[in-house]
Every structure is written in structure tokens, then in C-alpha cells.
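Novice: Handing you a structure now.
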Amino acid sequence: MTEVSAIDSFAEKIRTGGHGGLLSAWVGIPEPMFVHHLAQEGFDSVVLDMQHGMWDMASASNAVGQCRSAGKPAIARIPVGDFAVASRLLDAGCTGIIAPMVNSVADAEALVKFTKYPPLGERSWGPTLALNHMRLSADEYLRTANQLTLTIAMVETRAALEAVDGILGVEGIDGIFVGPADLSIALSNGAKLAPDTDEIDRALAHIIARCRAHKKFVCAFGSDGARAGALLKLGCDMAIPSADTAQLRSGAARSIAAARTFAAGG
Ligand code: 3PY
Ligand code: MG
């Protein structure tokens, strides 16, 4: 069999652990060239956010190519319940799918149906771009795709918290991604958006322990770099050190402040 590339060994890496904590970029601005630039930095992967970001299938598929040409795997977060788009993104060469608002065993089973080939699911055949990107024959892809790609369920509601063991027990769910923003809204019954609190950390610690018990990995969104570091310290396998828009604006603000400080003689 053709050797698996460094890009395609990502799934194995996050499953087996021992990597010291992974960091992924998070991109909602629907511009493949922007992904290419960002992927030059020390991220382990890039998430294309199709839930709240502005990607369509064509721009996301092109971004997968730009990401891979920079040597990094692309993961896509799909819109809520849009499992058909998950199959298409895997066909386009995505290494993983993050599905938001997976709140029950039934949701998790439906997700697996669209993202794994039999016997785990019912993913339909047609990975034309994925074959090109991964340089695998059709037979090799069919044999290995369930292992080389990741199906990740988001836990970000009270229902999902209660169902976390059932969700983790679904064969084909490879790992969990925690959405601290939605979880904070859910836990406060809509009273507040407070993703970086002790209450969220307690929920996270519980989810991390359940993931460890099921021998599955866990990721979470961090509102900035320091928070992402804290999430890795708590035991997450992968964290997001804020989204593209925040990084773009904080970089711009830093440059402007440095210029003004220098011009003022300081
Ligand atoms: C959340 O925090 O709710 C997310 O979905 C990550 O952006
Ligand atoms: Mg969310």
C-alpha cells in the first residue's frame, strides 16, 4: 500500500495521543488563499467553519487543497444537522468533520452514517478529490478511509452533557469537540455568554474524563492563545487558539499600537 503522508497521519496522531497537545487554526473567512497563508504557521491542522463562517462547498473544497499544499490537514465544521455536506467534504479531502449540536445517541448515529463506510456507516462512494489529494487507489481508500478520517461530535448543550457516555459509545464517533460558548449559554438558560469560567472548566473536566474512559480524544475552542493553553493543560488533545477574525484584528491592533507608540517617541 502507498505510504500514508504526514498530513494523513493526523487522524492516527490525535487518536493515539502522546503528541503533547495539538493546536488548530479556525477559519470562517471564505478565502482559500487566506487558509494557505495561515497554514504556514505552527498549527497542526486548520478547521474551516461552515456553521458560522461563510464557506460554501466550492470555496471550502478549494481551501482543502490550499491547506494540504501547505502540508496541513483540513477539518470542516458543518452546519447543524447537515450530514450530507459532511460526506461531500470528506469526498473533497477533509481529514475530519466536526458536527455541532450532537445532543443524543440518535444524532451521533446519524452523523456516523454519513461519514463512515460500512460496516460502521453508510457513506456513499465518490471521493474523487480525496483520492487525488491522498494519492490512494480506490481500493486503498475504501479500506482505510474510516481510519484516516475523523468523525467528531460537538458537546455544547445540557442534553449532550447528559448523553455524553452514550454519544462516546457510538462506534465511529472518534472524538468530542466541546463548544464552551454554547455550553455556557445552555448552562445559564440563556442568561450569559461566559465560555471561560470555572463552571465550564468543571463541565470540561467531566467530559475529558468520560473521553479518557472511552479511549477517545477531546478538543475544545479557546477564546485566545492563553485559554487554548489552559485547555491543553486541562487534558484536551486539541485546542483552538481563537478564530481567524480575532487573530486578524488583534494582529492589526498590535501593529497600529506599535506604530503610534513609536511615532509618539516611546
Ligand atoms: C462554541 O463555543 O459554542 C463553539 O461552537 C465554538 O465556536
Ligand atoms: Mg457552538
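The numbers here are math on the coordinates, done by the rules we state, and not lab data. All values reported here derive from a predicted model rather than from experimental measurement. For neighbour counting, all protein chains shown are included, and Cβ atoms are generated from backbone atoms with ideal geometry for every residue, glycine included.
Novice: For labels at L234 and D165 in the simple 7 Å Cα→Cβ model, what's the distance in nm?
Specialist: Rounded to a tenth, the inter-label distance reads 2.1 nm.
Novice: Let me make sure I get this right: for region 161-221, a, b and c are the square roots of the gyration tensor eigenvalues over alpha carbons, sorted descending. Under 1.5 in a/c it's rounded, otherwise prolate if a/b > b/c, else oblate. Which is it?
Specialist: prolate
Novice: Express in % the proportion of alpha carbon pairs of the chain at distances exceeding 27 Å. Display every interim value, and only then the final one.
Specialist: Values: 12412 of 35245 pairs.
In whole percent, the long-distance tail amounts to 35.
Novice: Which value at 222 nm does the chain reach when only helices count, each DSSP H run of 4 or more adding -39,500 (n - 2.57), with the total divided by all residues and rounded to the nearest 500 deg cm²/dmol? Could you put the intermediate results ahead of the total?
Specialist: Numbers: 13 runs with 129 residues, N = 266.
It comes out at -14000 deg cm²/dmol, rounded to the nearest 500.
Novice: If I histogram all Cα-Cα distances within region 1-87 using bins 5 Å wide from 0, what percent of pairs lands in each bin?
Specialist: 3, 15, 25, 23, 19, 12, 4, 0
Novice: Could you tell me the distance between the Cα centroids of region 211-243 and region 26-46, to the nearest Å?
Specialist: Taking the Cα centre of region 26-46 as reference, the centre of region 211-243 is 19 Å away.
Novice: Suppose the Debye formula is applied to equal point scatterers at every Cα of region 181-252; what is log10 I(q)/I(0) at q = 0.12, 0.19, 0.22, 0.24 Å⁻¹?
Specialist: Each listed q maps to, in turn, -0.35, -0.80, -0.99, -1.09.
Novice: Further question on the same structure: Could you check the simple spin-label distance between S124 and R254, using points 7 Å along Cα→Cβ, in nm with one decimal?
Specialist: Label at S124, label at R254, 4.6 nm between them.
Novice: Suppose every Lys and Arg Cβ carries +1 and every Asp and Glu Cβ carries -1, with no other charges. What dipole size does region 147-266 come out with about its Cα centre, to the nearest 20 debye? All intermediate terms of the calculation are to be shown ahead of the outcome.
Specialist: Details: 12 positive and 13 negative charges, 78 e Å.
Here the size comes out at about 380 debye.
Novice: May I pose another question? Give me the three principal axis extents of region 119-216 from the C-alpha atoms, as integers in angstrom, largest value leading.
Specialist: Cα spread of region 119-216 along its principal axes, largest to smallest: 51, 26, 19 Å.
Novice: What is the calculated FRET efficiency for M54 to E140, with r their C-beta to C-beta distance and R₀ = 30 Å, to the nearest 0.05? All intermediate terms of the calculation are to be shown ahead of the outcome.
Specialist: Values: r = 34 Å, r/R0 = 1.15.
Rounded to the nearest 0.05, the efficiency is 0.30.
Novice: Label 7 Å along Cα→Cβ of T261; region 209-251 residues with amide nitrogen under 14 Å?
Specialist: 251
Novice: I would also like to ask the following. How many nm separate the modelled label positions at A246 and H19, each set 7 Å beyond the Cα in the direction of the Cβ?
Specialist: 2.1
Novice: Two decimals is fine: what is log10 I(q)/I(0) at q = 0.20, 0.21 Å⁻¹ for region 1-145, from a Debye sum with one equal scatterer on every Cα and no solvent?
Specialist: -1.33, -1.44
Novice: Looking at the square roots a ≥ b ≥ c of the eigenvalues of the Cα gyration tensor of region 65-127, which shape do they give, rounded for a/c under 1.5, prolate if a/b is larger than b/c, or oblate? Display every interim value, and only then the final one.
Specialist: On the way: a/c = 2.49, a/b = 1.52, b/c = 1.63.
Oblate, since a/c reaches 1.5 and b/c is not below a/b.
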